[in-house]
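Here the structure comes first, spelled out in structure tokens, and everything after it is commentary.
The values are calculated or read from the model by the stated rules, or taken from the named source; none is laboratory data. Since we're looking at a predicted model, the values are computed, not measured. Cβ placement follows ideal geometry from the backbone for every residue including glycine, while neighbour counts extend to all protein chains displayed. Just the protein is used for accessible areas: all its heavy atoms, side chains included, with ligands, DNA and RNA removed. Shrake-Rupley method; radii C 1.70, N 1.55, O 1.52, S 1.80 Å.
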Amino acid sequence: MRRTPLALAGIALLAVATGCSSGDDADHDAAYETNHATSSSPSGASGTPTAEASASGGAHMHSMDGGPAPAGITAAKNPTYPVGTEVTLTTDHMAGMKGAPATVVGAYDTVAYAVDYTPTDGGEKVTDHKWVVQQELKDAGSEPLADGTEVTIEADHMPGMKGAKGTVVSSTTQTVYMVDYQADGMTMKNHKWVVEDEMMPRT
């Protein structure tokens, strides 16, 4: 069948358009997979990470197993919630935490600080992070630090925290607890930290 010049031009244009579209989609899909894998890969000191809501509006990653309590921390003598107590969390440090069932695995007498800090891995500044205890701040001594004190964080709760420079925002001398808790079908072990007024007896 004889084709007119106009029909042949239309076929050629369609072929070019189709070729560009499939190539661009392939490149886009490959870029998405690469970026998605990169953005999903951060991990904490140990275990699989989970996202924590931040007052700065972003999110950072907490390990699913926080590991042991820091050296030098003192066990509380008469905590309101002794080790083994089943509680309900009333704070929302992390997604899924508020209302989650938890078990106390450690209770300590120390000072807990909310801090602003700049991650060492180039991440955005984290504001009002709760909590870091006295024993997780470099050369902090034994006396409570005043609000506004500049500190170096030795805790490794999440990527970019260990060695980060920060500033004390506020502090509390409430009993500080380490807990195992369940949220979104996952179990977080040795989570650091929850203070006494951030939990209630489980009913």
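Here are a few things to note about the model shown:
- Mean Cβ count within 10 Å, highest first, over the residues of peptides 188-195, 120-127: 188-195, 120-127
- Computed P(r) (all Cα pairs; segment 72-123; 10 Å bins; percent): 20, 35, 34, 11, 0
- For segment 125-171, the pair-distance distribution built from all alpha carbon pairs, in bins 5 Å wide starting at 0, is 5, 22, 40, 24, 8, 1 percent.
- The apolar share of the surface of segment 50-203, taken as the fraction of accessible area on carbon and sulfur atoms (1.4 Å probe, ligands and nucleic acids excluded), comes to 48 percent.
- As a ratio to 2.2 N^0.38 Å, the alpha-carbon radius of gyration computed for segment 63-203 takes the value 1.00.
- The charge dipole of segment 82-160, taken about its Cα centre with unit charges on the Cβ of Lys, Arg, Asp and Glu (plus for the first two, minus for the last two), comes to roughly 280 debye.
- Diffusion coefficient, µm² s⁻¹, Stokes-Einstein with Kirkwood Rh over alpha-carbon pairs of segment 126-203 at 10 °C and 1.306 mPa s: 114 µm²/s
- Modelled label reach - Thr187, point 7 Å along Cα→Cβ, segment 158-172 residues with backbone N closer than 20 Å: none
- Long-range HN-HN contacts of Ala107 with modeled amide H, under 5 Å: Ala76, Met178
- Å² of accessible area per residue within segment 60-185, as computed with a 1.4 Å probe and no ligands counted: 46 Å²
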